[in-house]
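Contents: one structure, followed by commentary.
The values are calculated or read from the model by the stated rules, or taken from the named source; none is laboratory data. Since the structure is predicted, the reported quantities are computational estimates derived from the model, not experimental observations. Glycine gets a Cβ as well: all are built from the backbone with ideal geometry, and neighbour counts include every protein chain shown.
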Amino acid sequence: MKFSIQRNEIYEALQKVVSVLPARSTIPMTQNVLFVAEGDQLELMATDLEITIISNVKAAIEKEGSVAIPGRLIHDIIRELPNVSLNFDTDSKFRTTLSSEFGQYKVGGENPAEFPRKPDILDGREIVLPNGVLKRLVEKTIFATSADELRPALTGVFFELGGHRIRTVATDGHRLSMLSYVDEALPETDLNAIISTKALNFVLRSLDGEGLTSILLGEKHAQFHMENTLLYARLIEENYVDYTRVIPAETNFRMTIDTNDFLSSVKRVSLFSSPVTAQVILSIKKSFVTIHAEDVDYGGEAREEIPCEFNGDEFVIGFNSRYLQNILRHIDSQLLNVELIRPDNAILLLPEDKPENEDQLMLLMPIR
């Protein structure tokens, strides 16, 4: 294998794939990046066996071939070089020489035939989404996933398709976030998948502002095809919880409030909440809500009032302030509608303004 390429071009591609390399592994080959030079394209591939990332970049290929090279080492060498032309030359024993006007670096490589193969997705179903839509579907839900490995289904985001709609859902049992997007180009038949937060974070980092992403959903893997980047993710093979059971069909009361004012007030008051419960208490009246927190162990206390509109008389309810803040940060609408039933029931948080073809719902359980 022999090719030349500008430093900045290969470094950008390397950054994408090296990020998936495991810190430790019982399979040494997964510490490598697979280089494949063919035609006028250089393909770089890395995997941790759960996620595989492939990045393509144009190069001047003098001799086609492939080699598996220690990923972090080659990344770190190139990182320290300025933007000059780099020449790669691999011999029959897979030893690769990287040379530039600054010097020469020899790296021991391995047989590419031993590198793990990328997943095969047979009979996969394809959907195509604008990058901006996919980004919102992930960003507005991924924060609500669980870190509890004993409940693996909840550690990922649930993708639910059907009726020309795609919906993403995430919950950790205390809060739930859901975003739906309707488009006639989406499939009418039902299709579901749970994708890990780790894989989706890689997707977010690879998305450009414009363009489209093709998603291929198979039985065991999902493939995300973005510009110059392919990502394969092993699906979480569990049944997702019936999240619809916790969403109340009817509510008794509604509070309408400015989202940013609400968030800012909760952030300030929560500084005085108990470090154990992080509780803030909302006392809602016709035209204002009082937000209160107290740390009885250290004597700290805070109270603020902000305007709102409420269709009841008085309603008192408490929440974990960290969960509440996290939800409010993911609502873009200036005005927020908070739907309530009783102080011991979950509340719904619904943005008053939303993009066309979208529907967003957040749910939060109270604490006493």
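Looking at segment 9-17, is at least one residue assigned to a strand (DSSP E or B) and either aromatic (Phe, Trp, Tyr) or touching a residue at least 40 places away in the same chain (Cβ under 8 Å) (or both)? It would help to see each step written out before you state the result.
Taking segment 9-17 as the starting set, the residues that turn out to be assigned to a strand (DSSP E or B) are none.
Checked against the condition, which is being assigned to a strand (DSSP E or B) and either aromatic (Phe, Trp, Tyr) or touching a residue at least 40 places away in the same chain (Cβ under 8 Å) (or both), segment 9-17 yields no hits at all.
Within segment 290-315, how many residues are surrounded by 13 or more Cβ atoms within 10 Å (Cβ to Cβ) and either part of a strand (DSSP E or B) or at pLDDT below 95 (or both)? Let's see the steps before the verdict.
Step one: of segment 290-315, the residues surrounded by 13 or more Cβ atoms within 10 Å (Cβ to Cβ) are 290-295, 300-306, 308-310, 312, 315.
So of that shortlist, the ones also either part of a strand (DSSP E or B) or at pLDDT below 95 (or both) come out as 290-295, 300-306, 309-310, 312, 315.
Here the count works out to 17.
Residues in segment 85-95: is at least one hydroxyl-bearing (Ser, Thr, Tyr), surrounded by fewer than 14 Cβ atoms within 10 Å (Cβ to Cβ) and farther than 29 Å from Leu200 by Cα? Write out each step before concluding.
In the first step, residues of segment 85-95 are kept if they are hydroxyl-bearing (Ser, Thr, Tyr); the result is 85, 90, 92.
From what's left, surrounded by fewer than 14 Cβ atoms within 10 Å (Cβ to Cβ): 85, 92.
With farther than 29 Å from Leu200 by Cα added as a condition, the list becomes 85, 92.
So far as segment 85-95 goes, yes, one or more of its residues are hydroxyl-bearing (Ser, Thr, Tyr), surrounded by fewer than 14 Cβ atoms within 10 Å (Cβ to Cβ) and farther than 29 Å from Leu200 by Cα.
Out of curiosity, is Val203 touching a strand residue (DSSP E or B) at 6+ places or on another chain (Cβ under 8 Å), free of Cβ contacts under 8 Å to residues at least 60 places away in the same chain, assigned to a helix (DSSP H, G or I) and surrounded by 21 or more Cβ atoms within 10 Å (Cβ to Cβ)? Break it down stepwise before answering.
Numbers: touching a strand residue (DSSP E or B) at 6+ places or on another chain (Cβ under 8 Å): yes; free of Cβ contacts under 8 Å to residues at least 60 places away in the same chain: no; assigned to a helix (DSSP H, G or I): yes; surrounded by 21 or more Cβ atoms within 10 Å (Cβ to Cβ): yes.
When the stated conditions are applied, Val203 does not pass them.
Taking segment 30-72 on its own, how many of its residues are in a strand (DSSP E or B) and either among the basic types (Lys, Arg) or touching a residue at least 24 places away in the same chain (Cβ under 8 Å) (or both)?
The total comes to 30.
From the residues in segment 113-155 that are among the aliphatic types (A, V, I, L, M) and exposed (fewer than 13 other Cβ atoms within 10 Å of the Cβ), which one is modelled with the lowest pLDDT? Give the steps one after another, and end with the answer.
Of all residues in segment 113-155, those among the aliphatic types (A, V, I, L, M) come to 113, 121-122, 127-129, 133-134, 137-138, 142, 144, 147, 150, 153-154.
This time we only want the ones that are exposed (fewer than 13 other Cβ atoms within 10 Å of the Cβ), so: 113, 122, 147, 150.
Values: Ala113: 97, Leu122: 82, Ala147: 95, Leu150: 93.
Residue satisfying both the conditions and the ranking: Leu122.
Could you run through segment 275-289 and say how many residues are in contact (Cβ under 8 Å) with a residue 12 or more places away in the chain, assigned to a loop (DSSP other than H, G, I, E, B) and more than 19 Å from Glu339 (Cβ to Cβ)?
Taking segment 275-289 and keeping what is in contact (Cβ under 8 Å) with a residue 12 or more places away in the chain, we get 275, 277-289.
The next check asks that each one be assigned to a loop (DSSP other than H, G, I, E, B); those that pass are 275, 277-278, 285-287.
Those still in the list that are more than 19 Å from Glu339 (Cβ to Cβ) too: 275, 277-278.
Matching residues across segment 275-289 total 3.
Condition first: without any contact (Cβ under 8 Å) to a residue 24 or more places away in the chain and either more than 26 Å from Leu186 (Cβ to Cβ) or surrounded by 14 or more Cβ atoms within 10 Å (Cβ to Cβ) (or both). Now tell me which residues in segment 336-354 satisfy that.
Scanning segment 336-354 gives Leu349, Leu350, Lys354.
Mind listing whichever residues of segment 286-337 are of a type in the set (Phe, Trp, Tyr) and in contact with a Cys (Cβ under 7 Å, 6 or more places away or on another chain)? Before the answer, list the steps.
So in segment 286-337, the residues of a type in the set (Phe, Trp, Tyr) come out as 288, 298, 310, 315, 319, 323.
Phe288, the sole residue that qualifies.
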